[in-house]
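What follows is a set of notes on a single structure, which appears directly below.
The values are calculated or read from the model by the stated rules, or taken from the named source; none is laboratory data. All values derive from a computational prediction rather than experimental measurement. Positions of Cβ are backbone-derived with ideal geometry, glycine not excepted, and every protein chain shown enters the neighbour counts. The protein model used for the area step is the full one, side chains on, heavy atoms only, and it has no ligands, DNA or RNA in it. Shrake-Rupley method; radii C 1.70, N 1.55, O 1.52, S 1.80 Å.
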Amino acid sequence: MKKIIYLFSIILLLSTCNDDFMDRQPKTEIGVERFFNTEEDLKMYIYGLYNFSGHGMYAADGGTDNQATTSGSVEIKNIMTANNPSSTTITSGWSWGRLRDINLFLANVERAQVSPDVKAHYEGIARFFRARFYMDKVKRYSDVPWYDKVIETNDQEALFKGCDSRDFVIGKIFEDYQFAAENVKTGQPSGAIDKWGVLAFFSRDALYEGTYRKYHPELNLASSANIYLQMARDAAKRVMDNGQFSIYSTGNPDKDYLSLFRSGDLSSNPEIILATFYDPKEVKAGTSEWNFGNYEPSPAKDLVQNYLMNDATFYSAQQGYQTRQFVEEFKNRDPRLSQTYAYPGWELVQTATYVSGAGIYVQQFNKNFTGYHLIKGFANNREADVYNDLDYPVLRYAEVLLNYAEAKAELNEFTQSDVEISLNLLRRRVAMPDFNMNPTVDPLSAAKFGNISALLHEIRRERRVELAFEGFRFDDLMRWHAGKVLEKVPEGLYFPSLGKFDLNGDGVEDAYLIPSSQSIPADADKEVNSKGVKLVYYRTGGIDDSNATVYLANSTSGNIVAAKDMGIFVEPQFYYRPIPIQQITLNPALGPQLFGWK
């Protein structure tokens, strides 16, 4: 089989989960003495710990400068717009059942009658999962209690301990990563974590911590930032030196990038380090037309403006770039733009709930949406067996190259030889000019990130473009101390006025923006364009106009606006979350709250 899909509930048999107060309620453990005996036992338990991402990641940039969102579940948006958010209103995230499942395995792995290297392999995988678990906790709370054993109900010292420092917990995380990197085996089945997957996550999290320490003065940990940047560099280089992976390319720069996200079989793709595999006969991908952009995720203009021209000059250097209309802004751009966004002349195949009108696509508009649409990860196929079979690339070699380049640049070590084995490989897939080692600073990037080197500005651009809508943007902005970027209201297509507009690039008007005070004519009375197609009418107004279905910044002109206000990002407070008040009440030693939280 091309994939491994394990559907069993070993962990549920071995322990029940209750996340309240560090899961201190009694656990039901069934058959521990009889279970951890063979390699098959270890394998079954470990597969039960798998929680790798899937197609929902295409909406994970929601609330950032990449992607507008109408969702009420985007936490940072709710925090920024709330009236006095606090530990009484922010109560999610303090869950520990998964850690108990991991530590239960580690407490029993020695029982298995297997060779030492096999035992170390599975112990390494469990410690890898513990490292990932704790990394998520550190990102959220900074200081958290470290537990490397199963906590029993009579262990009062452990149950009522306070938080350990970020520095201590991070040290433990990378001890786990190091053990996993040295002991997890290569040559695992497709879909299973192996040494190279461990090292890829190792490089990701080390880069996060190194840059977070460098750019967050409130931690007073900048002096140790380079330790983690060096770890990121070295872990990435180990993957690169292995020689097993390469950037996927068939020599078709206009299709190769997009095909990574439309594949029903990534098992033999040389760029894929780890994937989540699906099969409509077993576990369906669950991807559908929802990610196209008429339902929830809505790609933003800010990202469109980040893509370079196809000669590698800044889009912001083009005269009048701020007022370019949809058809014009896609001309002569980095080919990844038109393999990520639906472009003028793109042909829609699927006709379903959230997407209508097969054929050459005409942008559809609605309240609180930008008018841009996402084709990255969109099957564009009406057959359920096709879109339910799309695999998801959890770890791409492209990310490893980006981690390596950024870590080297942060360490002031990035050279021409480094760019040849990293960023130029990404550029050449899409026939873009090689990376410029002596760039100038794009004013659009300077407005976001301020006083960093021009080289880092461009490496951050390359990362944003290559990894767009794969769930990296929020963490990247957080580690770079760029939370204020989230305050900008997401914008969409530009319209110089009301009236008729060509949206598919054929020179014929497709849409008609009318004042919100006017009524949309009956179907029989709608104007027909020169191709005999009825124009699509939209009532247009400002963001507070309840009669409008398209919101323009100046009511009758300007960019589409997808929200009225994004709120305020309070620094450094909103880079973290408070420990829920009910947990502090149960265990006062967890307090006090950090960074201004109440």
field: Full-stretch length increase - Ser259, Asn84 - with 0.36 nm per residue and alpha-carbon distance subtracted
entry: 58.5 nm
- prompt: Which is farthest toward the positive dipole end of the range 104-204 among Tyr134, Ala192, Gly162, measuring Cα position about the Cα centre, with Cβ charges +1 (Lys, Arg) and -1 (Asp, Glu)?
  reply: Ala192
- prompt: What does the helix-only formula give at 222 nm for the chain: each DSSP H stretch with n ≥ 4 adding -39500 (n - 2.57), the total divided by the residues, and the result rounded to the nearest 500 deg cm²/dmol?
  reply: -9500 deg cm²/dmol
message: Taking 30 Å as R0, compute the FRET efficiency from the Cβ-Cβ separation of Ser557 and Arg428 and round it to 0.05.
response: 0.15
- prompt: Over the range 33-86, how many percent of alpha carbon pairs lie in each 5 Å bin up to the one with the longest distance?
  reply: 4, 15, 16, 12, 10, 8, 9, 8, 9, 8, 3
message: Tell me the relative contact order for the range 40-174 as a rounded percent, counting alpha carbon contacts under 8 Å between residues six or more apart.
response: 23 percent
query: What is the helix-to-structure angle for 225-242, meaning the angle in degrees between its Cα long axis and the longest Cα principal axis of the chain, kept from 0 to 90 and rounded to the nearest 10?
result: 80 degrees
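Accessible area per residue for the chain in Å², computed with a 1.4 Å probe and the full protein assembly in place, what is it? Please report the intermediate quantities before stating the final value.
Values: 23270 Å² over 598 residues.
With the other protein chains kept in place, the chain gives 39 Å² per residue.
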- prompt: By how many degrees, 0 to 90 and rounded to 10, does the Cα axis of helix 97-108 deviate from the longest principal axis of the chain?
  reply: 40 degrees
message: Could you tell me the calculated FRET efficiency between Asn451 and Gln113, based on Cβ-Cβ distance and R0 = 60 angstrom, to the nearest 0.05?
response: 0.50
- line: In vacuo Debye sum over C-alpha of the range 441-598, base-10 log of normalised intensity I(q)/I(0) at q = 0.11, 0.12, 0.15 Å⁻¹, listed in q order, is -0.72, -0.80, -0.97
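When N is the residue count of the range 522-588, what does its C-alpha Rg come to as a fraction of 2.2 N^0.38 Å? Intermediate results must be reported in sequence, preceding the final value.
Details: Rg = 23.2 Å, N = 67, 2.2 N^0.38 = 10.9 Å.
Output field value: 2.13.
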- prompt: Does anyone have the angle between helix 116-141 and the longest principal axis of the chain? Alpha-carbon axes, 0 to 90°, nearest 10?
  reply: 50 degrees
- request: Restricting things to alpha carbons, tell me how big the range 356-464 is in terms of Rg and Dmax, in Å.
  value: 18.6, 52
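Quote to one decimal, in nm, the extra length available between Asp565 and Gln322 on full extension: 0.36 nm per residue of separation minus the C-alpha distance between them.
On the way: separation 243, 0.36 × 243 = 87.48 nm, distance 2.07 nm.
Additional length available on full extension: 85.4 nm.
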- prompt: For percent of Cα pairs over 37 Å apart, which listed value, [x] 37; [y] 34; [z] 51, comes from the coordinates shown?
  reply: [x]
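How high is the relative contact order of the chain, given as a whole-number percent (alpha carbon pairs under 8 Å, six or more residues apart)?
Values: 1113 pairs, mean separation 111.3, N = 598.
Taking the mean separation of contacting Cα pairs over the length of the chain, I get 19 percent.
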query: With all protein chains present, how much of the accessible area of the chain (probe radius 1.4 Å) comes from carbon and sulfur, to the nearest whole percent?
result: 48 percent
message: For the range 43-188, compute Rg over Rh where Rg is the Cα radius of gyration and Rh is the Kirkwood radius from the inverse mean 1/r over Cα pairs.
response: 1.03
message: Need one number: nm distance between label points at Lys331 and Ile584, each 7 Å from Cα along Cα→Cβ, rounded to one decimal.
response: 5.8 nm
- prompt: How much length, in nm to one decimal, is gained on full extension between Asn529 and Ile421, taken as 0.36 nm per residue of separation minus their Cα-Cα distance?
  reply: 33.7 nm
message: Restricting to bridges with both residues inside the chain, how much of the DSSP beta-bridge set is antiparallel, in percent to the nearest 5?
response: 70 percent
query: Between Ile360 and residues 5 or more places away or on another chain, which pairs have amide H atoms under 5 Å apart, with H built 1.01 Å from N, and which residues are they?
result: Leu348
field: Fraction of beta bridges assigned by DSSP in the range 466-573 that are antiparallel (%, nearest 5)
entry: 55 percent
field: Calculated diffusion of the range 164-267, Stokes-Einstein form, Kirkwood radius summed over Cα pairs, 20 °C and 1.002 mPa s, µm²/s
entry: 136 µm²/s
- request: Mind ranking 123-131, 80-88, 96-104, 442-450 by how tightly packed they are, going by the mean number of other C-beta atoms within 10 angstrom, highest first?
  value: 123-131, 96-104, 442-450, 80-88
message: List the pairs from Lys237/Lys488; Lys488/Lys598; Lys367/Lys526 whose alpha-carbon separation is above 28 Å, in the order I gave them.
response: Lys237/Lys488
task: At q = 0.13 Å⁻¹, work out log10 I(q)/I(0) for the range 404-485 with the Debye formula, treating every Cα as an identical point scatterer and leaving solvent out; two decimals please.
output: -0.40
statement: So, relative contact order of the range 522-577 in percent, Cα under 8 Å, 6 or more apart, is 18 percent
task: Pull up all non-local amide H partners of Gln67: gap of 5 or more, or a different chain, and H-to-H distance under 5 Å with H placed in the peptide plane.
output: Ala300
- prompt: Cα convex hull of the range 122-183: mean projected area in nm², to one decimal?
  reply: 4.3 nm²
